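Asks: Can you keep this structure in mind? I'll have questions shortly.
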Amino acid sequence: MTSPAWPAPFAAGPVDATVTVPGSKSLTNRYLVLAALADGPSRLRAPLHSRDSALMVAALRSLGATVTEVPGDGEYGPDLEVTPIPTGADAPGLGRAEVDCGLAGTVMRFVPPLAALVRGEVAFDGDPHARVRPMGPVIDALAALGVAVSSSDPDSAGTPTSLPFTVHGAGTVPGGHVVVDASGSSQFVSALLLVGARFEHGLHLEHVGKPVPSLDHISMTVEVLRGVGVEVDDSVPNHWHVTPGTIRAFDVRIEQDLSNAGPFLAAALATHGTVRVPNWPEHTTQVGDAWRRILPQLGATVTLDAGTLTVTGGERITGAELADTSELAPTVAALCALAESPSRLTGIAHLRGHETDRLAALVAEITRLGGDAEETEDGLVIRPAPLHGGVVRSYADHRMATAGAIWGLAVRGVEVEDIATTSKTMPEFPQMWARMLGQGA
Ligand SMILES: O=C(O)C1=C[C@@H](OP(=O)(O)O)[C@@H](O)[C@H](O)C1
Ligand SMILES: C=C(OP(=O)(O)O)C(=O)O
C-alpha cells in the first residue's frame with residue numbers, strides 16, 4: 001500500500017528561520033569505510049542517521065565490523081564507534097555475506113573494494129532502480145586489480161556490469177595501476193581511493209574518458225584520506241597515487257550536510273524570506289559550500305558571519321547559467337522553475353545515473369506543474385512559466401521529493417508522492433520543514 005501524497009505546505013509569507021541539518025552523508029559513509037579498515041577503533045561524532053548510513057553500517061557489520069551507537073552531543077542521534085573488520089590472508093573466513101545497497105551509490109560503489117579485503121563471498125544487491133545505476137567501472141577495476149567478481153544472476157555470463165554481483169574476497173589485493181572511465185560517477189574514483197592504501201602495492205588510478213563529474217567529492221575523499229594518515233598524490237589531473245600503508249584510527253566530528261541544507265536555503269528564495277544555517281564549516285570539501293556562490297546568482301543575498309550562513313531571497317528569483325552543480329542540481333532546478341528569467345544547467349549529464357534519471361524526472365515534474373523545461377545533452381534549460389498545483393512524483397529520489405516541497409512553498413496545491421523517500425539522507429525532513437515554517441512539530 002502506498003501512503004497518501006504529502007500536502008506540501010504553502011508559505012503565506014516570507015520564511016524567517018534558523019535551521020541545522022543532520023550530518024553529511026558523504027562524510028559519514030567515507031569515515032565508516034575508513035573506520036572499518038583502520039588500525040584500531042574509531043569514533044564518528046554527530047554522524048548521519050538515515051537509510052544510506054544505516055545501509056553502510058549494516059554492510060560493514062556483515063563484513064565483520066562492530067558498529068555501536070554511543071551517546072553523543074549531536075542534535076540528530078548518537079555517535080558511532082567502529083571496531084575494524086578482520087582483513088588479510090590470515091583473517092578468519094567470513095563464509096558468505098550479503099550486502100543490501102538499497103539505492104545508495106556510496107554503498108554500492110564503496111563497499112565492493114572493501115569486500116575484496118575480507119576472506120569470503122560477498123553478494124551485493126539493492127533496490128530495483130539500483131540495478132540500473134552504473135557499476136561497471138568499479139567491477140572492471142577490481143577485476144583488473146586481481147579481484148574475482150561474478151554475476152549473482154545465474155543467467156548472465158561474464159563480468160557483471162551492474163547489481164547483483166558477488167565479490168570473492170581473498171583477504172588481500174595486489175593493487176597497482178588501473179585505468180577506469182569515471183565519466184559516469186566520481187564515486188568510481190572515490191571507491192578505489194578509499195581502500196587503495198590497503199592494497200599490497202597501493203594504487204595508481206588513472207581516469208580515461210570524458211571529464212569526471214562531481215570533482216568536489218573526489219577532493220573530499222583525498223582530504224579525508226590524508227586526515228587519517230594516507231598518502232595520496234593527486235598532483236597530475238586524472239591520476240591518483242595512493243601509497244600502501246595503514247589507515248590511522250580516528251575520532252572525527254561529521255559536518256552537517258550542506259547539500260541537504262539546500263532545500264531550506266532555497267526556501268528563503270522561494271518565499272522572499274531569510275534562512276540562517278549556523279555551524280557552517282569554515283573549511284569544507286562539501287559541494288554544498290557552493291550555495292554561497294550559486295544562490296546570489298539566483299537573486300539572493302548571502303552572508304557568512306561568525307559561522308552562520310544567512311540567505312535572504314530577493315524580490316524575484318533570477319535565472320542563471322550554472323555549471324557542474326552535481327547533487328545540488330535538483331534543488332537548483334526547483335528554484336529555476338520559479339525564476340523570472342531562463343536558466344541553463346550544464347555539466348550534469350551523469351545525473352541520468354543517479355537515484356533516478358534526474359534530468360528526465362525534473363523535466364517531467366516541472367512540466368506537470370505547468371512549467372517549461374527541456375533536457376539538453378548535458379543538462380537542462382528551464383524557462384519562466386507560471387506553475388500550478390499538482391502531485392509531484394518523487395521516483396524514490398530524496399532530492400525530487402524536496403524539490404516538490406520547494407515548489408509547494410510558492411505554489412498552492414502542490415502535493416508530493418512518497419515524501420518518506422527523504423529518509424535516504426534526511427528522515428526528519430517533513431518535521432524540519434514544518435518547524436522552519438513555524439508549524440510546530
Ligand atoms: O561520493 C559521494 O559521496 C557522492 C558523489 C557524487 O556522485 P556522482 O559523482 O555520481 O555525482 C554525488 O552526486 C553523490 O550524491 C555523493
Ligand atoms: C546522487 C546521490 O546519491 P548517491 O550517493 O546514492 O549517488 C544524491 O544523494 O544526490
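The values are calculated or read from the model by the stated rules, or taken from the named source; none is laboratory data. Source: prediction; values computed, not measured. A quick note on method: Cβ atoms are made from the backbone with ideal geometry, for glycine too, and the neighbour counts reach across all protein chains shown.
Asks: Restricting to the stretch 78-102, name every residue that is surrounded by 24 or more Cβ atoms within 10 Å (Cβ to Cβ) and within 22 Å of GLU327 (Cβ to Cβ).
Replies: Of everything in the stretch 78-102, just one residue is surrounded by 24 or more Cβ atoms within 10 Å (Cβ to Cβ) and within 22 Å of GLU327 (Cβ to Cβ), namely CYS101.
Asks: Suppose we filter PRO281, PRO211 for residues that are in the same structural domain as GLY13 (by TED's automatic domain parsing), more than 16 Å from ligand 2 (Cβ to nearest atom) and either hydrophobic (A, V, I, L, M, F, W, C) or touching a Gly at 6+ places or on another chain (Cβ under 9 Å) (or both); which single one remains?
Replies: The match here is PRO281.
Asks: Return yes when ALA261 is within 16 Å of ligand 1 (Cβ to nearest atom), in contact with a strand residue (DSSP E or B) (Cβ under 6 Å, 6 or more places away or on another chain), assigned to a helix (DSSP H, G or I) and farther than 29 Å from ALA197 by Cα and no when it is not.
Replies: yes
Asks: Restricting attention to the stretch 11-43, which residues are closer than 30 Å to MET436 by Cβ, over 18 Å from the mean Cα position of the chain (by Cα) and among the aliphatic types (A, V, I, L, M)?
Replies: Once the filter is applied, which keeps residues that are closer than 30 Å to MET436 by Cβ, over 18 Å from the mean Cα position of the chain (by Cα) and among the aliphatic types (A, V, I, L, M), the stretch 11-43 yields ALA11, ALA12, VAL15, ALA17, VAL19.
Asks: Taking only pairs six or more apart or across chains, which ones have beta-carbon atoms under 9 Å, a first residue in the stretch 372-388 that is under 21 Å from PHE10 (Cβ atoms), and a second residue that is in a strand (DSSP E or B) and of a type in the set (Asp, Glu)?
Replies: The qualifying pairs are PRO384/ASP372; ALA385/ASP372.
Asks: Do we have ASP357 as surrounded by fewer than 21 Cβ atoms within 10 Å (Cβ to Cβ), modelled with pLDDT of 95 or more, away from ligand 2 (no atom under 16 Å from the Cβ) and not polar (S, T, N, Q) here?
Replies: no
Asks: Here is a follow-up. So for the stretch 7-22 (the condition being among the charged types (D, E, K, R), in a loop (DSSP other than H, G, I, E, B) and either out of contact with any helix residue (DSSP H, G or I) (no Cβ under 6 Å at 6 or more places or on another chain) or touching a residue at least 60 places away in the same chain (Cβ under 8 Å) (or both)), does at least one residue qualify?
Replies: Checked against the condition, which is being among the charged types (D, E, K, R), in a loop (DSSP other than H, G, I, E, B) and either out of contact with any helix residue (DSSP H, G or I) (no Cβ under 6 Å at 6 or more places or on another chain) or touching a residue at least 60 places away in the same chain (Cβ under 8 Å) (or both), the stretch 7-22 yields no hits at all.
Asks: Determine if the stretch 184-195 includes at least one residue that is more than 16 Å from ligand 1 (Cβ to nearest atom) and not polar (S, T, N, Q).
Replies: No: zero hits.
Asks: Of a type outside the set (Gly, Ala, Ser), surrounded by fewer than 22 Cβ atoms within 10 Å (Cβ to Cβ) and over 24 Å from the mean Cα position of the chain (by Cα): does that describe ASP181?
Replies: no
Asks: May I ask you to verify whether LEU338 is among the hydrophobic types (A, V, I, L, M, F, W, C), in contact with a helix residue (DSSP H, G or I) (Cβ under 6 Å, 6 or more places away or on another chain) and assigned to a helix (DSSP H, G or I)?
Replies: no
Asks: Would you check if LEU345 is in a loop (DSSP other than H, G, I, E, B) and closer than 23 Å to ALA401 by Cα?
Replies: no
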